[in-house]
Amino acid sequence: MLLDEDGNNVSMVQLAPSDLAAAALAVGLASAELLSHHTSFTLNNMVACLVATEILALVGLRSFRTAALLLVGLLAYDVFWVFGSPAVVGDNVMLTVATSDMVVGPTRLLFPRAPGGIGEAADFPFSLLGLGDIAIPGLLAGLALRYDASRIVNMQARATAAASAINDALAALQPDASAKDMGDAAASAASTAYDKVADRELNQQDRSQGITRAASTSTNSSSSSSSSDVSSTDGGGDSSSNSSSRQEEQRSVPV
């Protein structure tokens with residue numbers, strides 16, 4: 001089941017020419033890698049990078065605690081199967097599986113190395129890196145990227161929305177409208193458009209961080225109505241500042 005940015009079910013998908021081109025390229029690369037019987041490390045690495053990219057695009061973490069647990073678990077997993085398995089089962093399980101012919105296909109990145117190496121698996125012609133060692137740290141990098149993006153305020157989008165709302169509000173006025181009516185309409189339209197963009201950004205930040213504000217929504221709504229009452233009494237001058245303060249207060253909630 002697919003969901004859009006608002007959490008609604010996606011019932012129809014529109015395909016662009018770039019989507020068809022990407023699908024054809026993916027099928028071509030996979031077919032070429034399969035026809036080469038997994039002997040071309042170049043094709044293997046290209047498909048493996050695409051697989052890792054798709055994993056990071058589909059899977060995301062919601063907290064740094066989860067990322068820390070995954071990294072600690074990966075560390076313990078690697079340490080045991082690389083260094084502890086010889087003492088337990090009598091063989092380096094990780095190295096044996098990674099370099100055997102049983103594991104083929106784009107499940108790892110291969111890097112050719114010069115012959116004449118020493119140590120375990122010296123006769124294996126590649127240095128390798130498993131996709132798990134890319135995907136798990138990549139999940140942390142993606143979470144950090146989303147966290148940084150959630151702290152960015154897009155003032156250009158807010159200013160553009162406010163300017164467009166002012167133009168629409170002035171265009172809707174009667175030709176004989178007074179200067180006060182024009183100013184009030186412009187201020188109200190700009191404030192509404194600014195708050196709408198700010199609320200949309202806040203909702204996107206919440207979704208990226210896994211935050212639910214069900215409890216604070218009613219509080220903010222009552223606060224907003226109280227602010228509206230005060231601003232209507234005072235002439236509407238504090239509406240924008242109250243909204244900005246509310247947005248900053250919500251944005252300061254820790255992840």
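The values are calculated or read from the model by the stated rules, or taken from the named source; none is laboratory data. None of these values were measured; they are calculated from a predicted model. We place every Cβ from the backbone using ideal geometry, glycine too, and count neighbours over all the protein chains shown. Surface accessibility is based on the protein's heavy atoms, side chains included, excluding ligands, DNA and RNA. Shrake-Rupley method; radii C 1.70, N 1.55, O 1.52, S 1.80 Å.
Structure values in brief
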| read-out | value |
| --- | --- |
| Within region 26-41, tally of residues that are loosely packed, with under 12 Cβ neighbours inside 10 Å and assigned to a helix (DSSP H, G or I) | 4 |
| Tally of residues being at pLDDT 90 or above and surrounded by 11 or more Cβ atoms within 10 Å (Cβ to Cβ) across region 13-22 | 0 |
| Residue in region 60-77 that is open to solvent by 40 Å² or more (accessible area, probe 1.4 Å), of a type in the set (S, T, N, Q) and farther than 25 Å from residue 147 by Cβ present | no |
| Subset of region 87-103 (residues that are out of contact with any Phe, Trp or Tyr (no Cβ under 7 Å at 6 or more places or on another chain) and closer than 29 Å to residue 41 by Cα) | 91, 92, 95, 96, 97, 98, 100, 101, 102, 103 |
| Which numbered condition residue 93 fails, given (1) open to solvent by less than 60 Å² (accessible area, probe 1.4 Å); (2) in contact (Cβ under 8 Å) with a residue 40 or more places away in the chain | (2) |
| Meets criteria (farther than 20 Å from residue 61 by Cα, touching a strand residue (DSSP E or B) at 6+ places or on another chain (Cβ under 9 Å) and either modelled with pLDDT of 80 or more or crowded, with 18+ Cβ neighbours inside 10 Å (or both)) for residue 128 | yes |
| Selected residue (only one of 68, 122 is at pLDDT 85 or above and over 26 Å from residue 26 (Cβ atoms)) | 68 |
| Residue 107 vs. criteria modelled with pLDDT under 85 and of a type in the set (S, T, N, Q) | no |
| The listed residue being more than 23 Å from residue 207 (Cβ to Cβ), aliphatic (A, V, I, L, M), at pLDDT 90 or above and more than 36 Å from the chain's Cα centre (by Cα), out of 185, 177, 162 | 185 |
| Cβ pairs under 9 Å, 6+ apart, first in region 73-89 and assigned to a helix (DSSP H, G or I), second of a type outside the set (Gly, Ala, Ser) and open to solvent by 90 Å² or more (accessible area, probe 1.4 Å) | 80/88 |
| Residue in region 138-151 that is least open to solvent (accessible area, probe 1.4 Å), counting only those that are in contact with a helix residue (DSSP H, G or I) (Cβ under 9 Å, 6 or more places away or on another chain) and closer than 20 Å to residue 198 by Cα | 150 |
| Some residue of region 103-122 being open to solvent by 60 Å² or more (accessible area, probe 1.4 Å) and in a helix (DSSP H, G or I) | no |
| Any chance residue 48 is touching a Lys or Arg at 6+ places or on another chain (Cβ under 7 Å) and either farther than 23 Å from residue 135 by Cβ or surrounded by 10 or more Cβ atoms within 10 Å (Cβ to Cβ) (or both) | yes |
| Scan of region 11-42 for residues that are charged (D, E, K, R) and touching a residue at least 40 places away in the same chain (Cβ under 8 Å), ordered by number | 33 |
| Subset tally (residues that are farther than 11 Å from residue 136 by Cα, in a loop (DSSP other than H, G, I, E, B) and not polar (S, T, N, Q)) for region 53-68 | 1 |
